[in-house]
Amino acid sequence: MRPTQAAFPATRHRRLRQGPALRAMVSETTLSPADLIWPLFVCDGDGVTQPIASMPGVVRRSVDQIVVTAREAQALGIPAICLFPYTDPALKTDACEEAWNPDNLANRAIRAVKATVPDLAIMTDVALDPYNANGHDGIVRDGQILNDESVEALVKMALAQAASGADILGPSDMMDGRIGAMRTALETAGHQNVTILSYAAKYASAFYGPFRDAVGASGALTGDKKTYQMDPANTDEALRLIERDLSEGADMVMVKPGIAYLDICHRVKQTFGAPTFAYQVSGEYAMIEAAAANGWIDGDAVMMESMMAFKRAGCDGVLTYFAHRIAKALS
């Protein structure tokens, strides 16, 4: 039971808001670079940075430039980067074999970063859409996304990433049973210390459009992803999925997208107490940047306020394209 507060004027809540020192002393929520994971897009070539039109300020980088950016992340105190490949369309097939090629873009980038910045954690994406001629996160046959066959492919993909040196695997496919299958395979192959950050509550959202441009999946996608990603109307289902993934061996869990799903983040953290992350996705980033470019909002202020919202909801960390800018602002 809360103690009764003294009546006004003995209690004046504004006393604690008088200046930055007092506000800092009583701040309930804190943010640091250690709360951030920086998503990066990797492409072929050497010395390449390709702007992404729908994500102002975000670029695709060749492997050598990913290494440069990894050094920057470490210098800023950002503990992890997450790699997403822009795969040559000629390598995309119905069976998605490039996903577990030891020398695919993502795996080459993992090895290059680990050779140069070994203490920086590398997170990967485990989903088939960058390698799929159909643009889906799973294998498609006769218009159906096949769950069990997709899990077999995803396990091979996860093992290739772990062998390349990935620290954190991020299964974002939303197939049933994939966490248990990956955990068993990792244990068997001697990768017991590889962490799984499961996209356990990933919604079939309209906020993903710019990301699909960034990885080259927009033109390839046939249909939608509603048979495997979650219905935005559902909350209890998210808790069931989180519970399942934790029981199968996930070390951390993800809610995606971010700002529109803070209620889910809060329920997950309150219910399970497990390390809980959110992804401030491409559409969220693009909207803030577009409004700022038009002078409608203070972009930097909204950027920081959005991060506080994630932390206030209970998130332990956030994947955000603003990571480097936030880290610089905090320093």
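Readers should treat all values here as calculations from the given coordinates under stated rules, not as data from a laboratory. These numbers were taken from a predicted model, which means no experiment stands behind them. Counting neighbours? That spans all protein chains shown, and the Cβs are built from the backbone with ideal geometry, glycine included.
Overview of results
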| item | result |
| --- | --- |
| Sorted by Cβ density within 10 Å, fewest first, the residues 96, 315 | 315, 96 |
| Ranked 243, 289, criterion: other C-beta atoms within 10 Å, fewest first | 243, 289 |
| Inter-site label distance for residue 94 and residue 75 at 7 Å from Cα along Cβ, in nm | 4.9 nm |
| Three-way shape call for the range 32-330 based on the alpha-carbon gyration tensor, with the a/c threshold at 1.5 | rounded |
| Residues 307, 157 arranged by fewest to most Cβ contacts within 10 Å | 307, 157 |
| Computed E for residue 193/residue 119 - FRET, C-beta separation, R0 25 angstrom, nearest 0.05 | 0.95 |
| Point-to-point label distance, residue 237-residue 18, nm (Cα→Cβ direction, 7 Å offset) | 5.3 nm |
| Sequence-separation-based contact order of the chain, relative, with Cα cut under 8 Å and 6+ spacing, percent | 18 percent |
| Spatially near lysine pairs across the chain, Cα under 19 Å, sequence gap of 8 or more or different chains | 13 |
| Most fluctuating residue given options 55, 254, 25, as computed from a GNM of the chain linking Cα atoms under 10 Å | 25 |
| MRE, 222 nm, helices only [DSSP H, n ≥ 4, -39500 (n - 2.57), over the chain, to nearest 500] | -11500 deg cm²/dmol |
